[in-house]
């Protein structure tokens with residue numbers, strides 16, 4: 001018979017499989033497929049479509065897994081470790097797998113996406129961090145319906161883009177010390 005601690009460790013290892021995030025996988029597959037096709041607009045339509053379909057299929061297969069790991073990273077302490085895991089380590093690991101797949105399938109034709117993909121990945125990971133920290137796009141016990149999440153997304157996106165403006169405004173007005181801004185930026 002398994003002890004409670006052993007069951008907890010097993011549940012932690014199985015979390016990416018038991019909490020495969022279908023919401024993020026679906027939304028990301030559509031958005032990344034379209035973004036890749038747009039980024040490769042100078043290439044012939046067949047190549048763009050092929051790249052976009054490969055991207056969408058890869059994301060559908062892997063994004064739910066990586067997103068579950070990102071959701072699981074919310075439990076890490078200290079919070080800076082959770083942020084690093086969710087915004088840097090997991091997305092760049094996923095991007096590396098994605099790049100390897102495209103290199104294997106498409107050869108060197110896709111190398112021009114490197115810097116753009118890196119920037120897009122990190123920026124979208126910070127947005128994803130903001131969303132999941134605010135309870136959207138989660139699966140499992142903490143989840144809301146997809147409809148509820150979709151209704152919340154515009155407000156959360158607005159909050160995400162307004163945050164730097166709010167921080168600068170507080171800094172200029174002297175209402176907050178620089179260390180408080182750094183702490184809230186990490187959140």
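Scaling against 2.2 N^0.38 Å puts the C-alpha radius of gyration of region 40-85 at 1.74.
Across every pair of non-identical alpha carbons in the chain, the mean reciprocal distance, once inverted, gives a Kirkwood radius of 18.2 Å. Rounded to two decimals, the Cα radius of gyration of region 127-171 over 2.2 N^0.38 Å is 1.31. Note on 119, 132: ascending count of other Cβ atoms within 10 Å places them as 119, 132, the fewest first.
Taking a temperature of 37 °C and a viscosity of 0.692 mPa s, what whole-number D in µm²/s does Stokes-Einstein yield for region 8-110 with Rh from Kirkwood over alpha carbon pairs?
224
As a proxy for reagent exposure, 155, 23, 170 were ordered by neighbouring Cβ count within 10 angstrom, fewest first; the result is 155, 170, 23. Listed by Cβ neighbour count within 10 Å, with the fewest neighbours leading, 22, 129, 13 appear as 13, 22, 129.
A simple spin-label model places pseudo-atoms 7 Å from Cα toward Cβ; at residue 15 and residue 76 they are separated by 1.0 nm. For region 9-49, pairs of C-alpha atoms spaced more than 17 angstrom apart make up 53 percent of the total.
What the Kirkwood sum gives for region 59-168 is a hydrodynamic radius of 15.3 Å, with every pair of different alpha carbons counted.
A short reminder: the numbers here are calculations on the coordinates, not readings from a lab. None of the values given here were measured: they were computed from a predicted structure. So basically every Cβ, Gly included, is an ideal-geometry build from the backbone, and we count neighbours across all protein chains shown.
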